[in-house]
Each structure stands twice: as C-alpha cells, then as structure tokens.
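Input: a single structure, listed below in structure tokens.
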Amino acid sequence: MSGALAALALAIDRLVGDPDAVWRRVPHPVAGFGALIAAADRTFNRPHWPDGVRRLAGLASILVLLMLAALLGHAIHLVLAPLGWPGLVLEAALASILLAQKSLSDHVRRVAEALDREGLPAGRKAVSMIVGRDPQALDEAGVSRAAIESLAENASDGVVAPLFFLALFGLPGLVAYKMLNTADSMIGHLSERHRAFGRAAARLDDLANLVPARLTAAVLAAVTGMILGRRAAGRAVRAALADGPRHRSPNAGWPEAAVAGALDLALGGPRRYGELVVDAPMLHAPGRREATAADIRKALILFARTCDLLLVAAVAIALIG
C-alpha cells in the first residue's frame, strides 16, 4: 500500500500544505524532532571529551533517534492500518505534514512577488526566510538566484527524498528520513562543536540522499524537455553530469545544476554567511548571471510539473501494486 500512501500524501500536501493556523497552535512534528536532537546534543556532546568519543556518541545518538523515529511511524501505521481506506487516508494526511511541496512553492513564489511588487528590500526579506546566506549582500539577480537554488535543492530534500522513503518503506521510512534530515541541518556541519558529534548524521544524510538527489535531477531534466524543449533538457543533463559532482555537497549540486542548465542560468558561486565567505563553484557557468523574478517563476513551473510527474508515478505504482 506504500504507493497509494505516497500518492495520497503528495496530493494532500499539494492541496493543503502546512496550514499556519494549525502550527501556531500545536508544535510541528519537525520541531519535536529538533527537540530530541537538541537534547541528545546537550547530553552526549561534551566539549571536554576527545573527538573520537564524541564521534562515537554522535553515531550512537543518531542511530537511537532513527530507531525511535521508525518505531513511531510503525506504531502509527499499526493503529491506522486496520481501519482500511479511512485509516490509509488519515495516515496519508499525517505523512503529508512531512512533505514540503506546497510550502516550498509558496515561500519561493513570495520572493518573486516581493521583487515585482515592492522591490529589492522586500525581495531580500522574503529570500531570508528560505536561505542561510546574508541577504543584504545580494542584488536583485543574487536574490533571484538564491531563491532558485533553494527551490532546486529542497525539491530533493523536501519532496523527492521523503517521498522516495515513504514509497519504499511506508510511514516508518518517511519519519526516519525526516529525523535524519533534521539532524543533519542541526548538527551535521563543521562548527567546532559539531565537527565530531555531527559527523555520523552528516554522512548518513549524504548516503540517504544519493539516489533521491540524482533522481530529482533526472525528473527535472525530463520535465524540462516537456516544457522547454530538447535543447534545454540537454543543457540540464549536461550541467547535472558536469557540475553536480563539483558542488561542496555530494547531493545538492545535482538538482541545482539541472535547473541551472534548464533555465540557462549560472547558479552557485561565492556566497556570504555572516562574516564567512564560501567559495562555492559555479553551476552551468556559461549561463546568464542576471536572473530575475521571471526566472523564479519559470523554476516554479518546472517544480510544479516535477511534482505532477511524481504524483503520476506514485499512482502508477499504487495501481500496479
């Protein structure tokens, strides 16, 4: 039933998304994941411990958190499965909370709308909600590129990857993936505190996203061919193959490069995070640097059609199964 579950969850997320009115009253499940990860970090990541001990503590922590997440998903499934189709719909509604299809599209669309209606200051404020870099250092083209890059990367992390694990392993797989992805965002970086403790979370997240990131690039290229033609699809494929492996992340570069090639934009490059400047490689360097709000909207169309194709695939899997 995982195919039907994935199709229903994707459809519900497309229609409903993340209602702000709900999450202002009750904590979002990802916030609960974050609280558990933070508790593990406080308890088992002691600064005076040697790095080797902290790495082992980080590995043990993430494995326990993943087990708890999978058990939670399995328990929910055991409760709802005997209810038949009503239980499946309710399980899909719960699963849809952990997909980011509509919320991602809405946040990125707000950047384009802000640039068009209120200009650069509003665009910077809107893009600051979805990227970690310093928005004050960005001009209009930089804001547009940042929004498109975030859309491409999160198309994998927020939609394709969770849907992939939902289709393969049901609700336990989805909940475990979201726990892992949340842990990577919280502790899987190279700060002094988390370099050792977060190493296992970062490596496991890289491993979990190997297939989904490349699948996202492939689907984006296929959709590009349907919408923009064979030449644009060829650029998307060539950019993904050439520049995807050059990204500092083993996975994020694949969908970002595919979108860069599809839209004939040069994405990536150096970026500022507070006082830190990261010298990231260019993706599809021959492309245009002067991105606009119109390019954001084109990227949103590619994303929407990608989600349509994923829904068709999920329905097909459900019917075959």
Open item on the list: I'd like the carbon and sulfur percentage of the solvent accessible area for the chain, probe radius 1.4 Å, heavy atoms only, ligands and nucleic acids excluded.
Closed with: 65 percent
Task: Among Ala9, Pro19, Ala31 the positive-end extreme of the charge dipole of the stretch 1-47 (Cβ point charges) - done: Ala31
Task: Only Lys, Arg (+1) and Asp, Glu (-1) charged, at Cβ; the stretch 76-159 dipole about Cα centre in debye - done: 140 debye
Task: Cα-based shape type of the stretch 90-223, given that a ≥ b ≥ c are square roots of the gyration tensor eigenvalues and the cut on a/c is 1.5 - done: oblate
TODO: Using the charge dipole of the stretch 109-214 (Lys, Arg: +1 at Cβ; Asp, Glu: -1 at Cβ; taken about the Cα centre), state which of Ala213, Leu138, Leu180 has its Cα farthest towards the positive end.
DONE: Leu180
TODO: Quote the convex hull volume per residue of the stretch 12-67, based on C-alpha atoms, as a whole number of Å³.
DONE: 109 Å³
Task: Under DSSP loop assignment and at most 11 Cβ neighbours within 10 Å, longest GluC sites (Glu not before Pro)-free interval of the chain - done: 1-191
- [ ] Please name whichever of Leu72, Ile97, Val111 sits farthest to the positive end of the charge dipole of the stretch 55-120, dipole taken about the Cα centre and charges placed at Cβ: Lys and Arg +1, Asp and Glu -1.
- [x] Leu72
Open item on the list: Using the Cα centre of the stretch 1-160 as the reference point, and only Cβ charges (+1 on K/R, -1 on D/E), how large is the resulting charge dipole? Debye, rounded to the nearest 20.
Closed with: 420 debye
Open item on the list: Using only the alpha carbons of the stretch 1-160, what is the convex hull's orientation-averaged projected area in square nanometres?
Closed with: 12.5 nm²
TODO: Enumerate the amide H contacts of Leu267 below 5 Å, restricted to partners 5 or more residues apart or on another chain; note that Pro and chain-start residues carry no placed amide H.
DONE: Leu283
- [ ] Compute the distance in nm between two label points, each set 7 Å from the Cα along the Cα-to-Cβ direction, one at Arg195 and one at Asp139.
- [x] 3.6 nm
Task: Contact order normalised by residue count of the chain, Cα under 8 Å, 6+ apart, percent - done: 23 percent
TODO: For Trp49, Trp85, write out the residues from largest to smallest accessible area, computed with a 1.4 angstrom probe and no ligands counted.
DONE: Trp85, Trp49
- [ ] Quick one: grab the alpha carbon gyration tensor of the stretch 191-321, order the square roots of its eigenvalues as a ≥ b ≥ c, and give me rounded if a/c is under 1.5, else prolate or oblate depending on whether a/b is larger than b/c.
- [x] oblate
Task: Per-pair calculated FRET efficiency, R0 = 41 Å: Ile301 and Ala38 via Cβ, rounded to 0.05 - done: 0.60
- [ ] For the chain, state the semi-axes of the equivalent ellipsoid (square roots of 5 times the eigenvalues of the alpha-carbon gyration tensor), sorted largest first and rounded to whole angstrom.
- [x] 30, 26, 19
Open item on the list: Before I look further, what does the chain give for accessible area per residue, probe 1.4 Å, in whole square angstrom?
Closed with: 47 Å²
Task: Accessible area (Å², 1.4 Å probe, nearest 10) - Thr292 - done: 50 Å²
Task: Estimated dipole of the chain in Debye, rounded to 20 [Cβ of Lys and Arg +1, of Asp and Glu -1, Cα centre] - done: 300 debye
- [ ] Go through the stretch 18-60 and name the trypsin sites (Lys or Arg not before Pro) that are in a DSSP coil and have 15 or fewer other Cβ atoms within 10 Å of their Cβ.
- [x] Arg24, Arg25
- [ ] Could you tell me the accessible area of Met226 in Å² (1.4 Å probe, neighbours in place), rounded to the nearest ten?
- [x] 140 Å²
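The values are calculated or read from the model by the stated rules, or taken from the named source; none is laboratory data. In this text, all values refer to a predicted model and were calculated from it rather than measured experimentally. Every residue, glycine among them, receives a Cβ derived from its backbone with ideal geometry; neighbour counts consider all protein chains shown. These area figures cover heavy atoms from the full protein model, side chains too; ligands, DNA and RNA do not enter into them. Shrake-Rupley method; radii C 1.70, N 1.55, O 1.52, S 1.80 Å.
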